[in-house]
Structures are given as structure tokens and as C-alpha cells.
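Novice: Before we start, here is the structure in question, set down as C-alpha cells.
The values are calculated or read from the model by the stated rules, or taken from the named source; none is laboratory data. Computed from a predicted model, the values in this text were never measured in an experiment. Every residue, glycine among them, receives a Cβ derived from its backbone with ideal geometry; neighbour counts consider all protein chains shown. Heads up: the accessible areas ignore ligands, DNA and RNA and are worked out on the full protein's heavy atoms, side chains in. Shrake-Rupley method; radii C 1.70, N 1.55, O 1.52, S 1.80 Å.
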Amino acid sequence: MVHVSQHPLVRHKVALLRDVNTAPCDFRNLVGELAQLLFFEATADLELTRITVKTPLAECAADVIWQNVGIVPILRAGLGMAEAMLRVLPKACVWHLGLFRDHSTHQPIAYYNKLPPEPNIDVGYVVDPMLATGGSASAAVAILKNWGLKKIRFIGLIAAPEGVAVMRDEHPDVPIYLAALDSHLDENKYIVPGLGDAGDRQFGT
Ligand code: PRP
Ligand code: URA
């Protein structure tokens, strides 16, 4: 399942995010806001359990999420998304995965993984602003599957059709939530029109 949000707020913020004149501080805020909006859409199937709460006036039935949620940002660019999503669901835990794309081969290189020995979450959301060749996202999902996690979702901001195809091929069981699906990759495997380098634009590097 590939879900490209059509929400006006998402589309508006994607326009601002793409703009080459958007400064890093505004870019970071937009990454966070978009991540929260997509998290809202991607978590629509989280399961609830019924509890009783006491308001200042009376007791009433209420529903709370019972599942343990994990947010898995792909470093570096996924960091801004994860922090914003954590503000929506503070009980979620964050498992960082360090992957960077080799500049010449465009293959993902894993350099950081602090997952505990056993999965301690029911559902994991892999987050990365860019799904370009799909190498990084696919490698991150494979790491989580090898770890033993069954329920995995991917949340990205902008994707190329090439990256979506790789994910559909290698991980057809992983739903993909996006803010935009772009035209193609250029010769350096950058998304066109895209937004440039998501890590550099967030962190001013
Ligand atoms: C970017 C981006 C993804 C990856 C996408 O990270 O944040 O992780 O490239 O490309 P792919 O789909 O072709 O794998 P990058 O390697 O630039 O590392 P960074 O976040 O540390 O800048
Ligand atoms: N990584 C980015 O940050 N941007 C792209 O367009 C492709 C990979």
C-alpha cells in the first residue's frame, strides 16, 4: 500500500519545504510538522483498549492505545521527523539506525544500530524524509525484520518512483506513507524535483 497524502496542509507545507530559499530553521520546522501530519495518517490502525477515567465531574469510559510503538529514524535526516512524532506520542520509544548512502555506489552503508536483542515494540515506523533509490529504507526494514519485528510501516516526505518500486518489490508487506511522489531520480540518484539533500538542509551542513 502506498499512501500519498492529499491533505491541503501537507501539500502546502511540501511547497515550502521544496523551496530553495527556505532556511534550515524553517526547513527543520516543516520537516517536523509534515512528520506529525503523516504520523497522524499512518497510525489510523493503532489498536485501543477501553479504560475508565475520572474527569472533574464524573467517571467515564475512554480509549487509549495499548500497542508499544517504536519510531525508527534513519540517521541523520530522519532525526527531525522522529523528534516531532515523539511530541505526538511521547510514550513511543526511538530506535536509531545509522545508514548513509555511499556517494559513488549509492548503496547504503550501515554504521549505527542500538536495537536491543529482542523486539520490545508491537509496531515500528521507519522514518526518513527521502526515499530515493530505496536502498536505505529497504536496508532499514530488513534490519528490523531480522530483529524479529513483524509490523513495520515506512513514513517518508518525498519519494521517487524507483524507490517505491524497490520497497514494493522487497517489502510488499510494509505500507508506505508519503507527502509527495516525484518524477524520477537524476544521474546522481537525487529526487527530481525533490528538495535537495534533506540532511544538509536540516542541519545547515
Ligand atoms: C539520504 C536520505 C536517505 C537516503 C535516501 O541520506 O536521508 O537516508 O539518502 O536515499 P536512497 O533511497 O537512495 O537510499 P544520506 O545518505 O544523504 O545520509 P544523511 O541523512 O546522513 O545525510
Ligand atoms: N537523499 C537526499 O537527501 N535527497 C535526495 O534527493 C536523494 C537522497
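Novice: Please give the residues of region 66-98, grouped as numeric ranges, whose backbone N is less than 13 Å from a label point set 7 Å along the Cα-to-Cβ vector of THR55.
Specialist: Answer for region 66-98: none.
Novice: Let me check I've understood the local charge: for GLY156, count other residues with C-beta under 12 angstrom from its C-beta, Lys and Arg +1, Asp and Glu -1. What total comes out?
Specialist: Within the 12 Å Cβ shell, the charges total -1.
Novice: With all distinct Cα pairs included, what does the Kirkwood hydrodynamic radius of region 69-173 come out to in Å, to one decimal, could you say?
Specialist: Computed over Cα pairs of region 69-173, the Kirkwood hydrodynamic radius comes out at 13.7 Å.
Novice: A further question on this structure: What number, rounded to the nearest 500 deg cm²/dmol, is the helix-based mean residue ellipticity at 222 nm of the chain, given -39500 (n - 2.57) per DSSP H run of at least four residues and division by all its residues?
Specialist: After summing the helix terms and dividing by residue count, I get -10500 deg cm²/dmol.
Novice: Now for a different question. Given H placed on each backbone N at 1.01 Å, which residues far from VAL94 in sequence or on other chains put an amide H within less than 5 Å of it?
Specialist: Correct list: ILE71.
Novice: May I pose another question? Ignoring solvent entirely, what values of log10 I(q)/I(0) come out of the Debye formula for the chain at 0.12 Å⁻¹ when each Cα is a single scatterer?
Specialist: Treating every Cα as an identical point scatterer, log10 I(q)/I(0) equals -0.59.
Novice: Same structure, new question: Among THR133, THR52, THR22, which one shows the highest mean-square fluctuation when the chain is modelled as a Gaussian network with alpha-carbon springs under 10 Å?
Specialist: Looking only at THR133, THR52, THR22, the largest GNM fluctuation is found for THR52.
Novice: Expressed as an acute angle from 0 to 90° and rounded to the nearest 10, what is the orientation of the C-alpha long axis of helix 24-42 relative to the principal long axis of the chain?
Specialist: That helix lies at roughly 50 degrees to the long axis.
Novice: Output the antiparallel fraction of DSSP beta bridges having both residues in the chain, as a percent to the nearest 5.
Specialist: Given both bridge residues lie in the chain, the antiparallel proportion sits at roughly 40 percent.
Novice: Please compute the per residue accessible area over the chain with all protein chains in place, 1.4 Å probe, rounded to a whole number of Å².
Specialist: 50
Novice: How do TRP66, TRP95 rank by accessible surface area computed with a 1.4 Å probe, from largest to smallest?
Specialist: The ordering from most to least exposed comes out as TRP66, TRP95.
Novice: Sticking with this structure for a sec: On the protein heavy atoms, probe 1.4 angstrom, tell me the percent of accessible surface of the chain carried by carbon and sulfur.
Specialist: 56
Novice: I've got another one for you. Compute the distance from the alpha-carbon center of region 16-89 to that of region 99-119, in whole Å.
Specialist: What the calculation gives is 24 Å, centre to centre.
Novice: Let me ask something additional. Report, by chain and number, residues whose modeled amide H sits under 5 Å from the one on GLY194, excluding near sequence neighbours (fewer than 5 apart, same chain).
Specialist: Correct list: SER183.
Novice: Under a Cβ-Cβ cut-off of 12 Å, what is the net charge of the residues other than SER5 that fall near it, where Lys and Arg count +1 and Asp and Glu count -1?
Specialist: Local net charge: +1.
Novice: Determine the sum of side-chain charges near ILE65: Lys and Arg each +1, Asp and Glu each -1, restricted to other residues whose C-beta is under 15 angstrom from that of ILE65.
Specialist: So the environment of ILE65 carries a net charge of 0.
Novice: Count the lysine pairs in the chain whose Cα atoms lie under 28 Å apart, taking only pairs 8 or more positions apart in sequence or on different chains.
Specialist: Number of lysine pairs found: 11.
Novice: Which sequence of PHE40, PHE203, PHE27 reflects their accessible areas, 1.4 Å probe, from the largest down?
Specialist: Listed by decreasing accessible area, they come as PHE40, PHE203, PHE27.
Novice: Still on this model: From the backbone phi of region 80-89, what are the Karplus-calculated ³J(HN,Hα) couplings (6.51 cos²θ - 1.76 cosθ + 1.60, θ = phi - 60°) in whole Hz, Gly and Pro given as x?
Specialist: Once rounded to whole Hz, the list reads x, 5, 5, 4, 5, 5, 5, 5, 7, 10.
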